[in-house]
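Reading through the C-alpha cells given below for one structure.
The values are calculated or read from the model by the stated rules, or taken from the named source; none is laboratory data. Remember, predicted model here, so these are calculated numbers, not experimental data. So basically every Cβ, Gly included, is an ideal-geometry build from the backbone, and we count neighbours across all protein chains shown.
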Amino acid sequence: MGAESSPTARTGAFIAVAVALFCIQLDFFALNLAVPGIADQFGVTASAAQWTLSAYMLAIGCCFIVGGRVGDVFGRRGALLGGTALFAAGSVGCALAPGLWALVGARVVQGIGAGFVFPVSVSVITNAFADTTRARALGAVFGIANVGTALGPFVGGGFTEGPGWRWIFWLLAPLSLLALAVAYVYVPDSRDPTAPRQLDLTGCATFVCALAALTLAVERGSAWGWDHARTLTLLALSAAAGALFVRRERRARHPLVDLGLFRNTPYVLVTGTGTVTNMAYAVTVFVSTLYLQQVRGLSPLMAGVVFLAPAALVALSGPLGARLSGRMRPVSVMALAGTVAGTGMIVLTLVTAWWLYVPVFAWCGLGLGLGWTFASVATQQVVAPERAGEASGVLLTSLVTLGAVALAGAAAAITAMLPERSPQAAYDAILRFAGVVILAASAVVLVAGHRLVGTGSIPPPGATGTPGSAGLRVPGGTGSRPSRGGRLP
C-alpha cells in the first residue's frame with residue numbers, strides 16, 4: 001500500500017493523523033488541571049468531578065483493540081473518519097455541557113472516538129508510507145502529538161485560570177474538524193486483505209467487559225477503598241471476563257486478537273518496555289504536578305510553564321526515535337530510552353535549584369517521551385502492515401491501562417506515606433522507585449536483545465535486515481497463519 005500512495009495522499013494522511021493525535025494528547029493531559037475548576041462551577045466534590053477523567057479513560061482503553069481491528073477488517077479510512085467525527089462531537093458536547101453528568105457523557109463520546117483514532121492513525125501511516133520512509137513519518141507524527149502531550153498542562157492551567165476550562169474543548173473542536181476534513185479528502189483506504197469482513201463480537205464483548213471492570217476499579221479504587229466490595233467485585237469480574245476472552249480467542253475462527261502475536265519476542269519486548277516507560281511517564285507527570293504546586297507553591301499556570309521545559313524534548317523524541325531506528329535495533333532504542341528516563345527520575349529527586357531542576361526535568365521528558373513514542377513506531381516494524389491496527393491496539397491498551405494502574409498505585413502510596421513523611425519526601429520516594437524499576441526493565445531488554453542476536457532471531461548491529469524493518473528479522477511463529485504473528489513487511 002505504502003509504495004502505491006501518491007505524494008499528495010501521503011501528505012494529507014500525515015496532516016490528518018498528526019492533527020488528530022495532537023488533539024487527543026492535548027485533551028488527555030489538559031483536563032487534569034481543570035478538575036478543581038469543574039468541581040467549583042458545577043458545585044460538586046473533586047471526587048465527583050474526577051469522573052470526567054475516569055469516564056474518558058474507561059472509554060478510550062476499551063476501544064483501542066476494537067478500533068484497531070475494525071480498521072484492519074472494514075477499512076482504516078472509515079474508522080479514522082468515524083473516530084475523528086466522534087471526538088469532534090464529544091468536544092463540542094463538553095464545551096456546552098450544562099452539568100457534570102452531561103460533561104461525563106460527552107467525555108465518553110470523546111474517549112470512544114479517540115480509542116478508534118489512535119490505533120487506526122498508526123496503521124494509516126504504516127500503510128500509506130513505503131518501508132524506507134515509514135519510520136520517519138511515524139516519528140514526525142508522534143513528535144507533533146508529543147507537543148500536545150507536553151503543552152497539555154500549560155493549556156489546561158492557562159485556560160482554567162483565564163477564560164475557563166470550557167475553552168480547552170473550544171480549542172479542540174475546530175482542530176479535530178480540520179483533521180476530519182483533511183482525512184476525508186486525502187486519506188487512502190487500506191485493510192487486512194486476508195481477513196473476512198467479520199468481527200469477533202463475543203471477543204469484543206468479553207474484552208470490553210474485562211477492561212472496563214479493571215479500568216473502573218483502578219480509577220475509582222482510591223476513592224472507594226481498595227478493600228471495598230465494589231472494588232473487589234470489579235476486579236473479580238475483570239479476571240473472569242479476561243479468562244473468557246482468552247478462551248474465546250484461542251477457539252475463534254477469526255479472533256479479535258491473534259494470540260500468536262505474543263510469540264513475537266521483539267514485539268513483546270518493545271511493548272513491555274514501552275508500557276513500563278509510559279507508567280513512569282504517568283507517575284512523573286502526576287508527582288511533578290503535585291510537587292510544583294504543593295511544595296514549590298506555583299499556580300497551575302506557572303506549573304504549566306515549568307512543564308514547557310520537557311515539552312521541547314518530548315516533542316523531539318518522535319523524530320529522534322525515527323532517526324535512531326535506522327541505526328539501532330528497536331529493543332536497543334527502548335533500552336536507551338529507559339536508561340535516560342530512569343537516571344533522570346532519580347537525579348530529579350536530588351536537585352532543588354531551578355537552574356538544575358529544569359534541565360533535569362527536560363532530560364526526563366526526553367527519555368520518557370522517547371520510550372512511549374518509539375514503542376508505537378517499533379511495533380510497526382515487527383508486524384505485517386495488514387495487522388498494524390491490531391498490534392497498535394494491543395500496545396495502546398497496555399500503555400493506557402497499566403499507566404492508569406501506575407497512577408493509582410502512586411496516589412495510594414503517597415496517601416499512605418504522608419502521615420509519616422513530608423510531601424516532598426513522599427514524592428521523591430515514588431520517583432526514585434519508578435526510576436529503579438525502569439532502569440531494571442532496560443537492563444532486561446538489553447540482555448534479551450543480546451540473546452536474540454545470539455540465537456539468530458535478529459541480526460547483530462550493522463547487519464542488513466528486511467527492508468523497512470530497522471535491522472529486525474522476526475520469525476513468523478504462528479503456525480498455519482504466518483501473516484499474523486510478527487511477520488515483517
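A few points about this structure:
- Filter pass, residue 106 being surrounded by 22 or more Cβ atoms within 10 Å (Cβ to Cβ), at pLDDT 90 or above and of a type in the set (A, V, I, L, M, F, W, C): yes
- Residue count for the range 189-209, restricted to those that are surrounded by 20 or more Cβ atoms within 10 Å (Cβ to Cβ) and at pLDDT below 90: 6
- Within the range 196-238, the set of residues being of a type in the set (D, E, K, R), over 29 Å from residue 71 (Cα atoms) and not in a loop (DSSP other than H, G, I, E, B) comprises 220, 230.
- Candidate set from the range 273-304 (those that are small (Gly, Ala, Ser) and more than 23 Å from residue 437 (Cα to Cα)); member that is surrounded by the fewest Cβ atoms within 10 Å (Cβ to Cβ): 297
- Residue that is nearest to the chain's Cα centre (by Cα), among those in the range 374-423 that are at pLDDT 75 or above and outside any helix (DSSP H, G or I): 418
- In the set (1) under 18 Å from residue 396 (Cα atoms); (2) at pLDDT 85 or above; (3) surrounded by fewer than 22 Cβ atoms within 10 Å (Cβ to Cβ), residue 54 fails one condition alone, (2).
- Residues that are of a type outside the set (Val, Ile, Thr), crowded, with 23+ Cβ neighbours inside 10 Å and assigned to a loop (DSSP other than H, G, I, E, B), drawn from the range 164-188: 165
- Residue that is assigned to a helix (DSSP H, G or I) and modelled with pLDDT of 85 or more, where the choices are 38, 65: 38
- Within the set 352, 343, the sole residue that is at pLDDT below 85 and among the polar types (S, T, N, Q) turns out to be 352.
- Any hit, the range 127-137, residues being part of a helix (DSSP H, G or I), of a type in the set (S, T, N, Q), surrounded by fewer than 24 Cβ atoms within 10 Å (Cβ to Cβ) and over 22 Å from the mean Cα position of the chain (by Cα): yes
- Any hit, the range 31-49, residues being closer than 28 Å to residue 256 by Cα and either free of Cβ contacts under 8 Å to residues at least 24 places away in the same chain or surrounded by fewer than 24 Cβ atoms within 10 Å (Cβ to Cβ) (or both): no
- Test: residue 449 is over 25 Å from residue 150 (Cβ atoms), in contact (Cβ under 8 Å) with a residue 24 or more places away in the chain and in contact with a helix residue (DSSP H, G or I) (Cβ under 7 Å, 6 or more places away or on another chain): yes
- Counting only residues that are aromatic (Phe, Trp, Tyr), farther than 22 Å from residue 437 by Cα and crowded, with 19+ Cβ neighbours inside 10 Å, the range 305-362 holds 1 of them.
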